[in-house]
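The values are calculated or read from the model by the stated rules, or taken from the named source; none is laboratory data. Not measured: the values here are computed from a predicted model. All Cβ positions, even for glycine, are placed from backbone atoms using ideal geometry, and neighbour counts span all protein chains on display.
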Amino acid sequence: MTPHNHAKEGDYAEAVLLPGDPLRAKWIAETFFENPKLVNSVRNCLGYTGTWKGKPVSVQASGMGQPSLSIYVHELINVYGAKTLIRVGTCGGLNAKVKVRDVILAQAASTDGSIVKGRFGAFNFAPIADFGLLRSAADKADAKGLKFHAGNMLSSDIFYHADGFAGYDKLPDHGVIGVEMEAAALYTLAARFGAKALTICTMTDCLITHEEISADARQTSLKDMVELALDVAVEA
């Protein structure tokens, strides 16, 4: 047990999905898991364990932003023995070629947060996904007929940027295709503690075209993304 998690040893599977929203964690468990069991409800950051296609898997809400996710990822790895962590979430688009409902596999994650520059000093550490998970997700997305993009994601600590899209203007010129708030911290901690990690996001709005996904389309797209993530997680 920790100050943030009252699960007991063995309550989590080695493979854990990480949505930000606690209610999305609940939805994932109740929609996809066989025999879901609530294992954590501290601060209503819900965690569940069940099975997917007969194999054990967990889901734990991480909250919003890199500081919150870092708490849960640190504890999942070091206290509960998690080996594979896959963030499942939504992101904004920074490239007009990426359309709403497209899936983004975050091959790497740039960041304006302190988890990288605050730790590595003169070195510009590059947080990257586990290649095996990334390759598996790409192969399975192809097999499912999902439109996806693999590339560099921005993990920003700022949701409402004072300069709007102009605050990100140099990033699309260097291949950054989407913006969210957690992947860089996930990849950095996974590297630090010897775990495997991947971020899979559905693009729900575009900061360039201002196109947004509808509520119904969002739910359908999230279902496809979660099924993809679960297939990757249980085979890792």
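What the table shows:
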quantity	calculated
Qualifying residue in the range 77-88 (condition: over 25 Å from Cys206 (Cα atoms), assigned to a helix (DSSP H, G or I), among the aromatic types (Phe, Trp, Tyr) and modelled with pLDDT of 95 or more)	no
Residues within the range 194-229 that are touching a Leu at 6+ places or on another chain (Cβ under 7 Å) and either part of a helix (DSSP H, G or I) or closer than 20 Å to Val59 by Cβ (or both), tallied	10
The range 25-83, residues that are in contact (Cβ under 8 Å) with a residue 40 or more places away in the chain, surrounded by 24 or more Cβ atoms within 10 Å (Cβ to Cβ) and among the aliphatic types (A, V, I, L, M)	Ile28, Val57, Val59, Ala61, Leu69, Val73, Leu76, Ala82
Every pair of residues 6+ apart whose Cβ atoms lie under 7 Å, when the first sits in the range 174-196 and is free of Cβ contacts under 8 Å to residues at least 24 places away in the same chain and closer than 25 Å to Asp21 by Cβ while the second is hydrophobic (A, V, I, L, M, F, W, C) and surrounded by fewer than 24 Cβ atoms within 10 Å (Cβ to Cβ)	none
Members of the range 95-137 found to be closer than 18 Å to Leu69 by Cα, within 17 Å of the chain's Cα centre (by Cα) and among the aliphatic types (A, V, I, L, M), listed by number	Ala106, Ala108, Ala109, Ile115, Ile128, Ala129
Conditions (1) polar (S, T, N, Q); (2) under 20 Å from Phe159 (Cα atoms); (3) in contact with a strand residue (DSSP E or B) (Cβ under 6 Å, 6 or more places away or on another chain); number of the one not met by Thr84	(2)
